[in-house]
1. Enumerate the strands (runs of 3 or more DSSP E) found wholly within the stretch A:174-243, keeping only those where 2 or more residues are without any contact (Cβ under 8 Å) to a residue 24 or more places away in the chain.
2. Between B:V265, B:V225, which is open to solvent by 40 Å² or more (accessible area, probe 1.4 Å), within 16 Å of B:A121 (Cα to Cα) and either touching a Pro at 6+ places or on another chain (Cβ under 9 Å) or of a type in the set (A, V, I, L, M, F, W, C) (or both)?
3. Here's a check for you: in the stretch B:232-254, which residue that is within 32 Å of the chain's Cα centre (by Cα) and more than 15 Å from B:Y141 (Cβ to Cβ) is nearest to the other protein chains (Cβ to nearest Cβ)?
4. Hey, any hits in the stretch A:92-114 for a residue that's within 28 Å of A:I5 (Cβ to Cβ), more than 13 Å from every other protein chain (Cβ to nearest Cβ) and either open to solvent by less than 50 Å² (accessible area, probe 1.4 Å) or of a type in the set (S, T, Y) (or both)?
5. So, B:A246, is that one modelled with pLDDT under 90, in a loop (DSSP other than H, G, I, E, B) and assigned by TED's automatic domain parsing to the domain that holds B:A159 or not?
6. Can you tell me how many residues within the stretch A:127-152 are part of a helix (DSSP H, G or I), within 11 Å of chain B (Cβ to nearest Cβ) and open to solvent by 50 Å² or more (accessible area, probe 1.4 Å)?
7. Looking at B:A224, is it under 15 Å from the mean Cα position of the chain (by Cα), part of a helix (DSSP H, G or I), within 15 Å of B:A267 (Cα to Cα) and modelled with pLDDT of 95 or more?
8. Is the stretch B:246-265 home to any residue that is under 30 Å from B:A305 (Cα atoms) and of a type in the set (G, A, S)?
Amino acid sequence: MAKRIDVKELNLYYGKFHAVQEVSIAVPPRNVTAFIGPSGCGKSTVLRSLNRMHEVAPGARVEGSVQLDGEDIYASSVDPVQVRRTIGMVFQRPNPFPTMSIKDNVVAGLRLAGTKNKKQLDEVAERSLRGANLWNEVKDRLDRPGGGLSGGQQQRLCIARAIAVQPDVLLMDEPCSALDPISTLAIEDLITELKKDFTIVIVTHNMQQAARVSDQTAFFNLNGVGQPGRLIEVDDTEKIFSNPSQKATEDYISGRFG
Amino acid sequence: MKDPVVAEHPADTGDTGVERGASAAPSASEAPIPPTQEAAAAKAPHVRPGDRIFRGLATGSGIFIVVLIGAIGLFLLLRAVPSLGLNNANFLTSREWSTGDVGNMRFGILDLLLVTVVSSAVALLIAMPIALGIALFLTQYAPRRLARPFAYVIDLLAAVPSIIFGLWGLLVLGPQLTPIAESLTSALGFIPIFAQGNVSIALSGTIFTASIVLAVMILPIITAVSREVFDRTPVTHVEGAIALGATKWEVVRTTVWPFGKAGYVSASMLGLGRALGETIALTIILSATAKTFGWSLFDGGATFASKIALAAPEFNDPRSAGAYIAAGLVLFLLTFLVNAAARAIVAGHKEYE
């Protein structure tokens with residue numbers, strides 16, 4: 001299930017723009033890794049390269065390798081659709097499919113993969129909603145549209161949708177930035193629980209959040225506008241927030257940045 | 001088992017709760033000030049001249065257009081009513097149309113209505129799937145560099161004058177269609193819509209030809225509106241589907257189509273509205289016939305608009321002109337209903353967003 005990720009000498013481009021330069025990072029399984037850094041430093045771009053979402057943008061290009069338990073997901077024999085089916089992703093804004101019911105949203109990934117057995121779909125829906133701490137709130141209205149839920153519930157619905165396919169890795173791109181503090185806490189608690197089963201990478205602008213939920217933190221930065229983003233350092237979260245090895249990291253986390 | 005987790009949250013967020021309360025307090029004390037200022041401004045007679053002029057112009061234009069449409073409707077009705085009184089046939093159910101002898105006018109719209117609706121419906125049936133294909137191709141599959149010029153060409157199609165489509169249908173497309181029409185009648189003639197029609201197939205002035213020309217004419221509007229709607233599918237939904245491992249086609253099926261469906265249907269209604277009212281192309285193409293419409297695609301005949309256009313010489317007598325005006329009113333109501341249906345569908349679509 002949970003797999004380790006090894007990113008080696010990754011360079012990412014949007015057309016001619018060199019967005020991210022020479023990133024190498026290892027993410028152990030059953031572990032939460034947080035990406036922090038200023039806007040435009042490429043942390044979301046790196047995250048999106050981990051499930052081959054980066055190349056969806058027109059003109060986007062990838063160099064280097066990303067390995068899942070030693071297998072390069074950018075090898076020419078690998079189908080990007082298959083990669084995305086084994087790596088779940090949660091976005092900044094909750095994006096349940098508005099025309100689908102709550103249950104259909106949760107099992108959308110399984111349906112795409114070809115599962116038709118109704119009993120199995122029902123079981124997965126319940127298990128995933130329980131896993132996302134949403135079951136008790138929605139069990140009586142599984143056939144209602146997902147868009148009718150609150151923002152925090154919608155985001156947990158999206159997490160349920162992502163974990164329904166039992167992914168190897170769960171990627172989260174600022175999953176709490178559109179949520180109020182109470183919903184944020186619900187999601188953070190959930191991340192801590194999900195860590196037992198999944199490898200999690202989370203991008204966040206909230207440094208307290210990174211400190212609360214992650215085991216390992218990677219700090220990204222860029223030298224200036226138009227320059228590529230770089231990985232400054234990656235270390236245990238405790239060390240990054242108490243005694244980082246790089247001055248730039250210390251400046252950023254202490255608010256002395258820029 | 002989840003309840004304890006939920007119950008913990010208020011306790012956990014006690015601090016933030018206090019902070020939020022504290023931050024809310026100053027804004028609450030500030031809040032009353034702007035409204036009182038606004039209220040004072042509303043009461044004060046300080047309306048700037050530019051504002052007054054602009055409001056006057058806008059209101060005037062709005063009233064003007066409503067009055068104009070009302071006046072046109074009233075005029076048509078006033079001119080139609082006397083002729084309807086002189087009609088010796090049932091206006092709604094008769095298939096006759098003889099207004100030459102104003103002393104004994106017999107006219108009914110049934111045949112016109114059937115030819116109009118059938119030719120437009122067939123055109124819609126042909127144009128809808130093609131427009132859907134083009135719109136999906138332009139928004140989902142075509143490379144950006146190709147999509148723009150391609151969409152521009154489609155829009156150009158809408159700018160071609162109807163008279164050109166009419167000439168093309170009569171002189172170019174019609175003769176090409178004749179062999180197809182002949183093989184259809186001989187192979188599938190036992191089905192009423194493919195039966196031998198009431199005009200000569202060799203001359204190709206049939207509803208079949210007319211519908212295909214109409215389909216080409218309404219293709220651009222359906223395509224353009226559908227393309228706009230599909231283009232506005234929220235990126236977050238598309239990305240959500242891609243991240244779940246959806247292929248291109250599955251992305252279209254799970255996000256683009258549910259989002260754009262209503263827009264596509266209302267675009268088709270707009271196209272139908274245009275087909276129903278199309279005049280000059282059909283006036284040129286359709287062969288006139290004294291026989292009634294027999295539910296075959298290879299019938300000739302006339303639509304509301306082409307009938308009226310062909311009758312210009314009779315307009316010197318207000319009594320026969322009134323008969324055509326009455327037919328025009330029915331066409332107006334028909335297109336109005338179609339447009340109203342399109343609007344209702346779009347309004348239903350808003351709830352979704």
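The values are calculated or read from the model by the stated rules, or taken from the named source; none is laboratory data. Every value quoted in this text rests on a predicted model; they were computed, and no experiment measured them. Backbone-built Cβ (ideal geometry, glycine too); neighbour counts: all protein chains shown. Note: accessible area is taken over every heavy atom of the protein model, side chains too, but ligands, DNA and RNA are not part of it. Shrake-Rupley method; radii C 1.70, N 1.55, O 1.52, S 1.80 Å.
1. Details: elements: A:199-203, A:216-222, A:229-236.
So the answer is A:229-236.
2. Working: B:V225 fails: within 16 Å of B:A121 (Cα to Cα).
Of the residues listed, the single one that is open to solvent by 40 Å² or more (accessible area, probe 1.4 Å), within 16 Å of B:A121 (Cα to Cα) and either touching a Pro at 6+ places or on another chain (Cβ under 9 Å) or of a type in the set (A, V, I, L, M, F, W, C) (or both) is B:V265.
3. Here the answer is B:T236.
4. Restricting attention to the stretch A:92-114, the residues satisfying the condition of being within 28 Å of A:I5 (Cβ to Cβ) are A:92-97, A:105-114.
In the following step, the residues that additionally are more than 13 Å from every other protein chain (Cβ to nearest Cβ) were identified as none.
No - not one qualifying residue is present in the stretch A:92-114.
5. No, not satisfied.
6. Looking only at that region, the number is 4.
7. Details: under 15 Å from the mean Cα position of the chain (by Cα): yes; part of a helix (DSSP H, G or I): yes; within 15 Å of B:A267 (Cα to Cα): yes; modelled with pLDDT of 95 or more: no.
No.
8. First pass over the stretch B:246-265, keeping only residues under 30 Å from B:A305 (Cα atoms): B:262-265.
Narrowing the set further to residues that are of a type in the set (G, A, S) leaves B:262-263.
Taking every residue of the stretch B:246-265 in turn, at least one turns out to be under 30 Å from B:A305 (Cα atoms) and of a type in the set (G, A, S).
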